[in-house]
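Encoded as structure tokens, the structure appears first; notes follow it.
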């Protein structure tokens, strides 16, 4: 009894030190991420606005240049932050170094962001962006599924992992120019069971959104299959420096 009391007293005076789940820095036990990562993620939302539709980070309020020219098939997309800094490093380590545990904090943080930025009460089901079976065999896992599982837990919605499938093994988006990315995923996705999405409001989850071509193609297929509406959540997105005539996107590791 005395030992338990002493431990509680020590924890109160000297909080247990743990590692940040994103960067590995020291963090207090009660925090999922360290203060440095927390401040970095807060910085982007303070410095930039988000496009009303696609969620790209922009200087002005309203729509980015891309959505102003052509609205995507999904209703709204939101991301934790831009593909920079800690998010860029975490996604690289998750996808290419196989550090799967990073999907847990990334999915939880994304889920928390979506709860505050989307009408998450209306969402019926969470669906991850699929990988072609050959790519899946090479990597051993689909990072979008791992992230989507955590998002589904956070917003308390069911997840359908195999309803949306990729039936064409396209070239990885990271290897293509912006122009090539826009046509690369066309007609490469299919809804396996249309009855499962008919009349449903879908939350589509991917790791990165840059041009938005991949999630747009997935959204079109879901809508053609009878989905009522599609929202999108990604860990990271691009920055559109559209002020003063500049239209620049951050690079990505999108599949």
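The values are calculated or read from the model by the stated rules, or taken from the named source; none is laboratory data. As the structure is a prediction and not an experimental result, all values here were calculated from the model. Here the Cβ positions follow ideal geometry from the backbone for every residue, glycine too, while neighbour counts run over all protein chains shown.
When 73, 105 are checked against the criterion of being surrounded by fewer than 23 Cβ atoms within 10 Å (Cβ to Cβ), closer than 21 Å to residue 51 by Cα and modelled with pLDDT of 95 or more, 73 stands alone in meeting it. Among the residues of segment 92-111, count how many are touching a helix residue (DSSP H, G or I) at 6+ places or on another chain (Cβ under 8 Å), farther than 28 Å from residue 75 by Cβ and assigned to a helix (DSSP H, G or I). Of the residues in that region, 3 qualify.
Each row is one residue, and each column tells you yes or no for (1) modelled with pLDDT of 95 or more; (2) surrounded by 17 or more Cβ atoms within 10 Å (Cβ to Cβ); (3) more than 19 Å from the chain's Cα centre (by Cα); (4) farther than 22 Å from residue 138 by Cα.
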| position | (1), (2), (3), (4) |
| --- | --- |
| 193 | no, no, yes, yes |
| 204 | yes, yes, no, yes |
| 225 | yes, yes, yes, yes |
| 231 | yes, yes, no, yes |
| 239 | no, yes, no, yes |
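Let's see how each residue does on (1) closer than 22 Å to residue 35 by Cα; (2) buried (at least 17 other Cβ atoms within 10 Å of the Cβ); (3) in contact with a strand residue (DSSP E or B) (Cβ under 6 Å, 6 or more places away or on another chain):
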site: 80; (1), (2), (3): yes, yes, yes
site: 86; (1), (2), (3): yes, yes, no
site: 96; (1), (2), (3): no, no, no
site: 100; (1), (2), (3): no, no, no
site: 111; (1), (2), (3): yes, yes, no
site: 129; (1), (2), (3): no, yes, yes
site: 134; (1), (2), (3): no, no, no
site: 138; (1), (2), (3): no, no, no
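All conditions in (1) outside any loop (DSSP other than H, G, I, E, B); (2) modelled with pLDDT of 95 or more; (3) farther than 24 Å from residue 225 by Cα hold for residue 141, with the sole exception of (1). Can we say residue 114 is under 23 Å from residue 231 (Cα atoms), in contact with a helix residue (DSSP H, G or I) (Cβ under 9 Å, 6 or more places away or on another chain), assigned to a helix (DSSP H, G or I) and touching a residue at least 24 places away in the same chain (Cβ under 8 Å)? Judged against the criteria, residue 114 is a match.
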